[in-house]
1. Among the residues of the range 59-80, is any at pLDDT 95 or above and either part of a helix (DSSP H, G or I) or within 24 Å of ASP158 (Cα to Cα) (or both)?
2. May I ask you to list pairs of residues, at least six apart or on different chains, whose Cβ atoms are under 7 Å apart, with the first in the range 160-171 being closer than 19 Å to LEU131 by Cβ and the second being charged (D, E, K, R)?
3. Can you say whether GLY107 is within 8 Å of the ligand (Cβ to nearest atom), surrounded by 18 or more Cβ atoms within 10 Å (Cβ to Cβ) and outside any helix (DSSP H, G or I), as far as the supplied structure shows?
4. When only residues in the range 74-98 that are more than 19 Å from ALA55 (Cα to Cα) and within 12 Å of the ligand (Cβ to nearest atom) count, which is surrounded by the most Cβ atoms within 10 Å (Cβ to Cβ)?
5. Name the single residue, out of those in the range 110-163 being touching a Lys or Arg at 6+ places or on another chain (Cβ under 9 Å) and assigned to a helix (DSSP H, G or I), that is farthest from the ligand (Cβ to nearest atom).
6. Does any residue in the range 99-127 that is among the hydroxyl-bearing types (Ser, Thr, Tyr) come within less than 7 Å, Cβ to Cβ, of a residue that is modelled with pLDDT of 95 or more and part of a helix (DSSP H, G or I) six or more places away or on a different chain, and which pairs are these?
7. Using the structure shown, decide if ARG48 is in a helix (DSSP H, G or I) and either within 24 Å of ARG112 (Cβ to Cβ) or more than 14 Å from the chain's Cα centre (by Cα) (or both).
Amino acid sequence: MTRALAVQIRQATSGDAPAIARVQVRTWQHTYRGILPDPFLDSLDVERSAESWRAVISDRRRITHVVDAPGVVGFCTAGPARGDPTGFRGEVEAIYVDPADQGQGHGTALVRATMGWLAARRLTPVLVWALEANTNAHGFYRSLGAQRLDTRLLRIADALYPEVGFGWPEGALTGG
Ligand SMILES: CC(C)(COP(=O)(O)OP(=O)(O)OC[C@H]1O[C@@H](n2cnc3c(N)ncnc32)[C@H](O)[C@@H]1OP(=O)(O)O)[C@@H](O)C(=O)NCCC(=O)NCCS
């Protein structure tokens, strides 16, 4: 008898750090090719990145959810907002779905689980930043009801890149 293997959204454990790092490096190299410099993208290293993810996952002020399909194919990290614009209490810091698994609703499921966690801690309203050139991400956030806010400059590998903020109104996606 065959049994369908369920896709699960669950909180990350430190054992997920290498798989999260693999998804991040693959997705950055796919998404940001032509946007960020090749030498920077080619230098991304899964083992080094896994070390940073272990620290993020064990930080109790933040939450990382993974899509387990089975095996980690996507993740989302969120926590208290890290600065401007004022009025936002929660922030989606990173959301990545492996290029081979995009467009199947995983990103939406990750955002919904994340919004539930943030709302339960009154970390709303919520904002997220995306590179100005990453227009696919803008479409994704708009499709989930976020509105475009300010632009700022982000330093990556010794250069400055414009980023756009998107904000979800209070109660969006949580029914509250
Ligand atoms: C952005 C991302 C997280 C979305 O995850 P996903 O699993 O692909 O998204 P979903 O399948 O849940 O898509 C939900 C909706 O978003 C919109 N959307 C998704 N990808 C889109 C795109 N490339 N362009 C425009 N709209 C898009 C669609 O309306 C889609 O609904 P539909 O499938 O009914 O058309 C994922 O594509 C990704 O990791 N992209 C590369 C990395 C990235 O840009 N991360 C964000 C950094 S700020």
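The values are calculated or read from the model by the stated rules, or taken from the named source; none is laboratory data. Only a predicted model underlies this, so the values are computations on that prediction, with no experimental measurement involved. Backbone-built Cβ (ideal geometry, glycine too); neighbour counts: all protein chains shown.
1. No, there is no match, as no residue in the range 59-80 is at pLDDT 95 or above and either part of a helix (DSSP H, G or I) or within 24 Å of ASP158 (Cα to Cα) (or both).
2. Cβ pairs passing all conditions: PRO162/GLU132; GLU163/GLU132; GLU163/ARG152; VAL164/GLU132; VAL164/ARG148; GLY165/ASP150; PHE166/ARG148.
3. Values: within 8 Å of the ligand (Cβ to nearest atom): yes; surrounded by 18 or more Cβ atoms within 10 Å (Cβ to Cβ): yes; outside any helix (DSSP H, G or I): no.
It is false that GLY107 is within 8 Å of the ligand (Cβ to nearest atom), surrounded by 18 or more Cβ atoms within 10 Å (Cβ to Cβ) and outside any helix (DSSP H, G or I).
4. Residues of the range 74-98 more than 19 Å from ALA55 (Cα to Cα): 83-90, 97-98.
Among the residues that remain, those that are also within 12 Å of the ligand (Cβ to nearest atom) are: 97-98.
Details: VAL97: 23, ASP98: 21.
That would be VAL97.
5. LEU118
6. Filtered contacts from the range 99-127: THR124/LEU118.
7. yes
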